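Accompanying notes for the structure given below.
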Amino acid sequence: MFEHYGFHVLFLSAPVLVYLTWRVVQNLAKTIAEPLPGSSPAAVAGLPALRIPLLDSVLCRSAKERGFLLLLRMVGLFAFLANADNTRRPKLVYGQDVFDSSRHAFGYLAGRVFLGYYWIYLLPLIAYIAFATMAVIIRLAAYVDELPDYDVSCFASDGCGGFKELGRLMTLVVYLWVPIVVVVIALMETHANFYATLRLSVALVVLIPAQLFLPFARLHRVLARLKERKLATLERFLLATEQTIDVKHPGQDAKSDNPSAERSIEPYLRLLAGESVYHYTSEMATWPYLKSDFMRWLSPFVPIAVSFASKRLGWP
């Protein structure tokens, strides 16, 4: 029992995953309640009708969502049965005996009870929440894309048009994979063999970056298009305003001693204001992430890097 470090980490990861899932659900509820904060009245007019399908998706109300959750639970059941079979042949599969093998009745029973909860209930629920979060963000991106007159907010404090909360939500989803990656590494350190179940974990290397960027692929295209359109409008405005500055004020005497005093200051103020809006629009990011988020994206891969470095350097 005390030599099975992988099971220790597996057991401790359960409450951590429950807490992280609660954080995701909390932020997901906030996003559904106020998906486009600071938007124009025309943009938020259709949101009440949109919230109904979003809630149906998250709460697993429709037959499609229930079927997907059932499919995830079936995958968990097959993983549970595969583990039960592996522990009947521990030396062949793991390379050594384990406390929850069929040779140890109490350990075998305790391992099956916990892994039944972990594989059949907890992990499928977490996976469903993760995919439901992606579905909510994709639906919101599609909603923004279908708005005919949506005007992106260049003065939003997050620097990405007010969509930073969606990026933070997906970052929380990525955090869900950190305990699972640590579990995989702990199991690799515990067992002598790199067995088939652990080989499937390589999919996380593709899944984690995909969850970060796939939900925002459409939103990125929409924001890039809106940004380009707004910059083109501002450019025409600035050009027209600049041209009015060089035009003499109507009724201005060409022989006046101080012709500039008779000119209106309004075009200059409009030019300064337009230049400020142009600057903020050009600086706006079209991905709902900041540069500081980069280290957060790498958090699931940090345990892998530490494990690899420790083996290469010969650390215990």
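Data overview
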{"quantity": "Of all residues making up region 94-114, the number that are buried (at least 20 other Cβ atoms within 10 Å of the Cβ), assigned to a helix (DSSP H, G or I) and among the aliphatic types (A, V, I, L, M)", "calculated": "0"}
{"quantity": "Long-range neighbours under 6 Å by Cβ, at least six apart or interchain, first residue closer than 14 Å to Ala132 by Cα within region 165-178, second part of a helix (DSSP H, G or I) and among the small types (Gly, Ala, Ser)", "calculated": "Val173/Ala130"}
{"quantity": "Enumeration of residues in region 146-179 that are part of a loop (DSSP other than H, G, I, E, B), of a type in the set (D, E, K, R) and more than 17 Å from Val222 (Cα to Cα)", "calculated": "Asp158"}
{"quantity": "Region 275-303: number of residues that are crowded, with 16+ Cβ neighbours inside 10 Å and under 25 Å from Val144 (Cβ atoms)", "calculated": "12"}
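Yes or no, residue by residue, for (1) touching a residue at least 60 places away in the same chain (Cβ under 8 Å); (2) aromatic (Phe, Trp, Tyr); (3) over 30 Å from Ala210 (Cβ atoms):
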{"residue": "Arg73", "(1), (2), (3)": "no, no, no"}
{"residue": "Tyr94", "(1), (2), (3)": "yes, yes, yes"}
{"residue": "Ser102", "(1), (2), (3)": "no, no, yes"}
{"residue": "Ala110", "(1), (2), (3)": "no, no, yes"}
{"residue": "Ile120", "(1), (2), (3)": "no, no, no"}
{"residue": "Pro124", "(1), (2), (3)": "no, no, no"}
{"residue": "Ile129", "(1), (2), (3)": "yes, no, no"}
{"residue": "Arg139", "(1), (2), (3)": "yes, no, no"}
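Yes/no per residue for (1) at pLDDT 80 or above; (2) among the basic types (Lys, Arg); (3) closer than 19 Å to Ser276 by Cβ:
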{"site": "Thr190", "(1), (2), (3)": "yes, no, no"}
{"site": "Leu198", "(1), (2), (3)": "no, no, no"}
{"site": "His220", "(1), (2), (3)": "yes, no, no"}
{"site": "Arg225", "(1), (2), (3)": "yes, yes, no"}
{"site": "Thr241", "(1), (2), (3)": "yes, no, yes"}
{"site": "Val247", "(1), (2), (3)": "no, no, no"}
{"site": "Gln252", "(1), (2), (3)": "no, no, no"}
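The values are calculated or read from the model by the stated rules, or taken from the named source; none is laboratory data. Bear in mind the structure is a predicted one, so any value in this text is a computation, not a measurement. Using ideal geometry, Cβ is built from the backbone for each residue, glycine included, and neighbour counts are taken over all protein chains shown.
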